[in-house]
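The block underneath contains the structure these notes are about, expressed in structure tokens.
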Number of protein chains: 2
Amino acid sequence: MLRKLSIMLAALLLISGSYAQTIKSPDGRLSLSFSLSSEGEPTYALSFGSKPVILPSKMGLEIKNKPPFTNGCAIKQIDSAIFNETWIPVWGEVNQINNHYRELAITLQQPAVANRWFRIVFRLFNDGAGFRYEFPEQPGLQYITVTNERTCFQLTGDHMTFWIPGDYESQEYTYNHTRLSDVDAEIGKKVYEIGTRTIPGSDYVQSPLMMKTDDGLYINIFEATLVNYPAMHLHIDKKTFCLESQLVPDPIGNMAYLQASCNTPWRTILLSDKATDILASKTILNLNEPCKIADPSWIKPMKFVGIWWDMHVGTKSWNYADINNVKLDETDWNKLTPNGRHGATTEYTKKYIDFAAANGIDGVLVEGWNVGWEDWAGNYKENVFDFVTPYPDFDVAEIQRYAAAKGVKMIMHHETSSAVTNYERWMDTAFRFMKHYGYNAVKSGYVGRIIPRGENHDGQWMVNHYLRAVKKAAKYKIMVDAHEPVRPTGLHRTWPNLLACEAARGNEFNAWSRGNPPEHETILPFTRLLGGPMDYTPGIFRMKMSTYDPQKKDMMVHTTLTKQLALYLTMYSPLQMAADLIQNYEARPDAFQFIRDVAVDWDNSWYLEAEPGDYITVARKAKGKDEWFVGAITDENGRMATASLNFLPEKTKYVATLYTDAPDADWKTNPESYTISKCLVDKNTVLKIKLAPGGGAAISIRPATETDKKLKRYKP
Amino acid sequence: MLRKLSIMLAALLLISGSYAQTIKSPDGRLSLSFSLSSEGEPTYALSFGSKPVILPSKMGLEIKNKPPFTNGCAIKQIDSAIFNETWIPVWGEVNQINNHYRELAITLQQPAVANRWFRIVFRLFNDGAGFRYEFPEQPGLQYITVTNERTCFQLTGDHMTFWIPGDYESQEYTYNHTRLSDVDAEIGKKVYEIGTRTIPGSDYVQSPLMMKTDDGLYINIFEATLVNYPAMHLHIDKKTFCLESQLVPDPIGNMAYLQASCNTPWRTILLSDKATDILASKTILNLNEPCKIADPSWIKPMKFVGIWWDMHVGTKSWNYADINNVKLDETDWNKLTPNGRHGATTEYTKKYIDFAAANGIDGVLVEGWNVGWEDWAGNYKENVFDFVTPYPDFDVAEIQRYAAAKGVKMIMHHETSSAVTNYERWMDTAFRFMKHYGYNAVKSGYVGRIIPRGENHDGQWMVNHYLRAVKKAAKYKIMVDAHEPVRPTGLHRTWPNLLACEAARGNEFNAWSRGNPPEHETILPFTRLLGGPMDYTPGIFRMKMSTYDPQKKDMMVHTTLTKQLALYLTMYSPLQMAADLIQNYEARPDAFQFIRDVAVDWDNSWYLEAEPGDYITVARKAKGKDEWFVGAITDENGRMATASLNFLPEKTKYVATLYTDAPDADWKTNPESYTISKCLVDKNTVLKIKLAPGGGAAISIRPATETDKKLKRYKP
């Protein structure tokens, strides 16, 4: 359903001087002002009701060899319009999305610079604002080399903020929760469990940046539609609390190469007095372009298991042989001595296919299937993988046959080792190989220092690469799960074959480092997940790594088992892994039942309660089914989660299966202790569930059958 | 025929201290010594008879984070052998090549560095020496990041030298002829007709470097087998006359990334007291690997014409429309207004096909056939060409049909605009497009600043790219003519589908700049051509550019017409263009007859007389035919060329057709004045031909028929 009302205001032409134009959000609560300073500097400001949130903040870009777009401006034209439509996502947390905003488009001229004009376009939503710079084609402006972006966010105070260090290579940090004045990004230099880091300095943090004022206002600064531009980090002025955009340079020090007509990404500011509004916001998606895949019917949300956790806990290896020097063009793989611990074997893969088939799991991922893993990491090696040559113990054709016979899809793995020039040379061949052998989804990886050397993971060239890979995959009808790319910014609206990314610190860090603290999963939905789903790889059932390696006595997953189940709700993704070793699921089929049942695509979602860093409770309805699911998680503090089920349709009784922390559960001392109970619920039920420290609860709900109706009604 | 005698000398193990080992060339004339200094520094020296040519010179590499390979060495082993074989090139100046050298392989250990050993291998030929560094796989050495190479060439004096400025992007300079002490490479910064230059400093020159001592000894320093390494430039110490290797850095300042086991290229020093020996040397080829193409029957030397010179003289354009902002993904090419001067049209191409068919010319090149030329240069644009989309006025299929019907091969053009990441993404698709439309040869180009940004034309990454392109072309049975790559170093022995490169200042510079002085073509065979054939694009018949554009009144080709004909002999290449507009050939069919007749592949060649910078006279026998050709060229001074025909078989009379400068010819004032005469010659004939200033002579010789025998005998 598409409805658009457009109301044009009169165009006004003024020479210079200060001028203010204000618009309000559709519901009138937010207001945004644009004005020019006496030096012709464009500025904007944003308020929530009567409260200023962003004080007048400067804007603009600096470019090479030409005057900047930061001052000397005069207004050439002002356009304003209201836009209101509802659109249907291919998959999502909801099955329809309303896109309702007021737009203010300012056309600016720079009289001192001949033939130069540009636009700043603002869109004001009920839950926030977005704005971008637009450069139309014009005689005086065709090729633009951006040397700096000067977008400011002048905050009103020293807000509490959840932050990770600015780093042009990685977002795999735990979050810090401090005031802006206490940010010290240099601590990132000691986070040795992250292999590749480029930290610009102590005052730089990454976006999305989640803040809360002392008055209880939630502010999130981020970007949408990151295309053909580097990622936006933020510099903090610790005296003035002004944040400024910090772009990511290329090897010769420029930020971006643009060709008019072109637009920058949208800079976004989400605002609400309710934390759940931030989680539920669709503004980032609404600022992205509509779907460009004409027939997306081949794109299917899925669950998968994989030969993967074994390698992280150390019971198996990616590499086939224990040597550390191989050459793709020269090594005779058949002559190597297998180390006996190779994960990606035909035999072990068949076990996973069997498990998937028996449990209704759509896919099986296998890492380490292709030659080159013996020396793949840390050697800055370009000719590292060819993506088409399997090890001697991995029979691609036999596995294809076996999986197809069992109705299971194999998921390909393309670890690039960040040798991206190599990957781009191989990509067509690698995708054709996939289609030939029945693979329709690929997990890609970008571990290590980028080749082209001198480029960063977050630079423009790499941003363009990630999208090239997604577009080429779409041509081949291949779905993508990208690990270690730039953090997503809503492009999955346009390219829904991009099912998920990693681009944050996932569950795997628990297997071989100090891991993720219990609050970690209560923060990610307020930061990383605003831009798109995350392949967090939840569902670990055995928490202590000493199970596998006595040397790892302090390493563990920092949650209870039922919190791992709840993550299937709170860490939204259309692509969800049941990440543990299948033997750990086979040991606990009762708990695993939840993973069998949980949906990965939704008609609707309700964020019931949330506080960043503390807790989240969310309910969702499975797409096209009479099934609902609730997930509740907490940080290191136990708490009582509250979930009103008034989203359930009237007049029906439902059976709820509750997977909850046992009374003695605790993430640290007793994480695997859980209780499963069934009861009757209905629209009037309000669930009250005790969550252990680092704990969680997962509930599946479906209409009650006659047999179910013998169950007791829910009592808190 | 392959014969190899191998004589092993006893292995000697010594701890440290100076030690000298000397070998002689097979004919005993050259001698090379290796020794260690008291600090364990490897050094070598080279003599010609009793004359030292290279005094003891240090060697070695410096690498990142590990001790260098320059000192602290002890000899672990010495091996010496003689090698003598004759091999057959796929094409060449001769049809068989003798490879005869004495090898000295020094295995060095570095006792202070655990588990470290490497080799320096010398090969001493009758006309020079080559040496390289070899790094075997070993526990202490796997991945090597080269930060500097310290190979020295300590000369005995301030020799006269032909040099071009050290420049990591371009070799398209005219040569300077000065003493080493007078080199000032900074003059390169004012050579504005070269678009992209990276000049490291005033004391850096390029290799190959051609020198002549005051005693009349010719010395040429270069390299062979440049693979997986940056090109070697040379730093001149103007006080000591010591030259030192200068490698080309990558964007982050490293020179090369190696993985043991690996070898550097061969550093070569050619030596003779006869200039013609330098021209005839096969040492560079002999230091390259044998042919790797199992069945090279699809590789065929060829002549071609092309829609190309029109664009250089300005009568036509590469671009279809006169706008300067296009986007591959967005521009509707059918909606552009054609400028009416587009060279690459179906109609004009058919004219060239007709001409080629009527004149026995194998191929037609067409530049500007594919979309993107409107803004292709100087914009540092990555998404610049797709290599598969023709302009609206170029019907690929129709041209394929027309050319095939006439027995003419179309030659593809891939100008990359140095957006090499883009080219690599497109390469498979572009090569498949070629095969689909009947193209079996491609001229590639690398004009502009390299993308990956920060890389140089001469850096390791680009060296690897050029070879990747040749190898992939070989897979598709495609021949390559690469323009603006790194200068070649004999790799066409291994990959004979690499027919030619530009990689020096070609004829085209005459069309739009101060051009090439008359001595230019007497220098290039002593420098650039030692590494491989050059697509010099000879055969221009109309010398003055004012013919096409009155504004270009000082621009012209700086040779006479018959010198242009002689270039088909003196500028050896299996791929030769008849570069002028076909109408200029149609106006002079008598002179063009030489180009129709001249061969491009040879059974044998004889360099009869030569002096770098002054003159060259060469004779060649066509492969598999009773046809011989002689070419003689001079610089700005007229001279008498002498060519003894005693290479002709006995007992036969031959008819020679002589294309010579008319008595009044002069490159500057009367370049197009020529004489054609026929006469009888035989084995005893000694031709003496007057060459005009900037002039030349071309002679074709075939057995005399009965009718021919009525011709007069040759008289000087």
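The values are calculated or read from the model by the stated rules, or taken from the named source; none is laboratory data. Everything quoted here is computed from the prediction, not taken from an experiment. Methodologically, a virtual Cβ is constructed for each residue, glycine included, from the backbone with ideal geometry; neighbour enumeration extends over all protein chains shown.
Taking first residues from the range B:623-652 that are at positive phi and partners that are crowded, with 17+ Cβ neighbours inside 10 Å, the Cβ contacts under 8 Å between residues at least 6 apart in sequence or on separate chains come to B:GLY624/B:ASP603. Of A:ILE88, A:ILE82, A:ILE75, all but one fail to be β-branched (Val, Ile, Thr) and surrounded by 21 or more Cβ atoms within 10 Å (Cβ to Cβ); the exception is A:ILE75. All of A:SER317, A:SER281, A:SER297 fail the test of being in contact (Cβ under 8 Å) with a residue 24 or more places away in the chain, out of contact with any Gly (no Cβ under 6 Å at 6 or more places or on another chain) and over 21 Å from A:PRO488 (Cβ atoms), apart from A:SER317. Within the range A:5-16, can one find any residue that is at pLDDT 95 or above and either part of a strand (DSSP E or B) or of a type in the set (Val, Ile, Thr) (or both)? Scanning the range A:5-16, I find no residue that is at pLDDT 95 or above and either part of a strand (DSSP E or B) or of a type in the set (Val, Ile, Thr) (or both), so the answer is no.
Residue count for the range B:140-193 under the criterion of being within 14 Å of chain A (Cβ to nearest Cβ) and more than 19 Å from B:PRO249 (Cα to Cα): the result is 3. Screening A:ALA430 on (1) in contact (Cβ under 8 Å) with a residue 60 or more places away in the chain; (2) hydrophobic (A, V, I, L, M, F, W, C); (3) within 13 Å of another protein chain (Cβ to nearest Cβ) shows it passes everything except condition (1).
Taking B:LEU561, is it within 30 Å of B:TRP495 (Cα to Cα) and buried (at least 24 other Cβ atoms within 10 Å of the Cβ)?
No: the conditions fail for B:LEU561.
Residue count for the range A:279-298 under the criterion of being among the β-branched types (Val, Ile, Thr) and crowded, with 24+ Cβ neighbours inside 10 Å: the result is 2. Set side by side, the residues B:THR345, B:THR337, B:THR349 differ, and just one is within 25 Å of A:GLN259 (Cβ to Cβ), over 28 Å from the mean Cα position of the chain (by Cα), away from chain A (no Cβ under 14 Å) and at pLDDT 95 or above, which is B:THR337. Take the range A:153-164 and flag every residue that is surrounded by 21 or more Cβ atoms within 10 Å (Cβ to Cβ) and either touching a Pro at 6+ places or on another chain (Cβ under 9 Å) or without any contact (Cβ under 8 Å) to a residue 40 or more places away in the chain (or both). Correct list: A:GLN154, A:PHE162.
Among the helices (runs of 4 or more DSSP H) confined to the range A:555-600, the ones with at least 3 residues that are under 25 Å from the mean Cα position of the chain (by Cα) and of a type outside the set (S, T, N, Q) are located at A:561-570, A:589-597. Here B:PRO663 qualifies as modelled with pLDDT of 95 or more, of a type outside the set (Val, Ile, Thr) and loosely packed, with under 13 Cβ neighbours inside 10 Å.
Tally the residues that are on the phi > 0 side of the Ramachandran plot and touching a helix residue (DSSP H, G or I) at 6+ places or on another chain (Cβ under 8 Å), restricting the search to the range B:107-141.
Number satisfying all stated conditions: 1.
Scanning the range B:467-491 for residues that are within 17 Å of B:GLY532 (Cα to Cα), part of a helix (DSSP H, G or I) and more than 14 Å from every other protein chain (Cβ to nearest Cβ) yields B:VAL470, B:LEU491. Please specify each residue of the range B:257-279 satisfying the condition of being away from chain A (no Cβ under 14 Å) and polar (S, T, N, Q). If the condition is that a residue be away from chain A (no Cβ under 14 Å) and polar (S, T, N, Q), then B:THR264, B:THR268, B:SER272, B:THR276 are the ones that fit. Within the range A:129-148, if we keep just the residues that are farther than 27 Å from A:LEU32 by Cβ and not polar (S, T, N, Q), the residue that is surrounded by the most Cβ atoms within 10 Å (Cβ to Cβ) turns out to be A:TYR143.
Being more than 27 Å from the chain's Cα centre (by Cα), in a loop (DSSP other than H, G, I, E, B) and more than 14 Å from chain B (Cβ to nearest Cβ) is the filter here; which residues of the range A:367-390 pass it? Within the range A:367-390, A:VAL371, A:THR389 qualify. Of the residues examined, B:ILE252 is one that is in contact with a Pro (Cβ under 8 Å, 6 or more places away or on another chain) and β-branched (Val, Ile, Thr). Among residues of the range B:220-244 being out of contact with any helix residue (DSSP H, G or I) (no Cβ under 9 Å at 6 or more places or on another chain) and crowded, with 22+ Cβ neighbours inside 10 Å, the one that is farthest from the other protein chains (Cβ to nearest Cβ) is B:ILE221.
Residues considered: A:THR331, A:THR315. Of these, the only one that is surrounded by fewer than 19 Cβ atoms within 10 Å (Cβ to Cβ), out of contact with any Asp or Glu (no Cβ under 8 Å at 6 or more places or on another chain), within 14 Å of chain B (Cβ to nearest Cβ) and among the hydroxyl-bearing types (Ser, Thr, Tyr) is A:THR331.
Could you tell me whether A:VAL326 is modelled with pLDDT of 95 or more, of a type in the set (Val, Ile, Thr) and more than 18 Å from B:GLN142 (Cβ to Cβ)?
no
The numbered conditions (1) within 14 Å of chain A (Cβ to nearest Cβ); (2) crowded, with 19+ Cβ neighbours inside 10 Å are all true for B:MET302 except (1). Scanning the range A:433-466 for residues that are within 12 Å of chain B (Cβ to nearest Cβ) and under 18 Å from the mean Cα position of the chain (by Cα) gives A:GLY459, A:MET462, A:ASN464, A:HIS465. In the set (1) away from chain A (no Cβ under 14 Å); (2) in contact with a helix residue (DSSP H, G or I) (Cβ under 9 Å, 6 or more places away or on another chain), B:TYR423 fails one condition alone, (1).
The set of residues in the range B:568-627 that are polar (S, T, N, Q) and under 23 Å from B:TYR548 (Cα atoms) comprises B:GLN583, B:ASN584.
Yes or no: the range A:676-691 includes at least one residue that is buried (at least 20 other Cβ atoms within 10 Å of the Cβ), modelled with pLDDT of 95 or more, over 26 Å from A:VAL557 (Cβ atoms) and touching a Pro at 6+ places or on another chain (Cβ under 7 Å). There is no residue in the range A:676-691 that is buried (at least 20 other Cβ atoms within 10 Å of the Cβ), modelled with pLDDT of 95 or more, over 26 Å from A:VAL557 (Cβ atoms) and touching a Pro at 6+ places or on another chain (Cβ under 7 Å).
The set of residues from the range A:538-559 being of a type in the set (Val, Ile, Thr) and closer than 12 Å to A:GLY314 by Cα comprises just one member, A:THR547.
What tally of residues in the range B:592-633 results from selecting those that are touching a His at 6+ places or on another chain (Cβ under 9 Å) and small (Gly, Ala, Ser)? Count: 1.
Mind checking which residues of the range B:41-51 are surrounded by fewer than 16 Cβ atoms within 10 Å (Cβ to Cβ) and either in contact with a Leu (Cβ under 9 Å, 6 or more places away or on another chain) or in a strand (DSSP E or B) (or both)?
Our first condition is that a residue be surrounded by fewer than 16 Cβ atoms within 10 Å (Cβ to Cβ); within the range B:41-51, this holds for B:49-51.
Passing the criteria: B:GLY49, B:LYS51.
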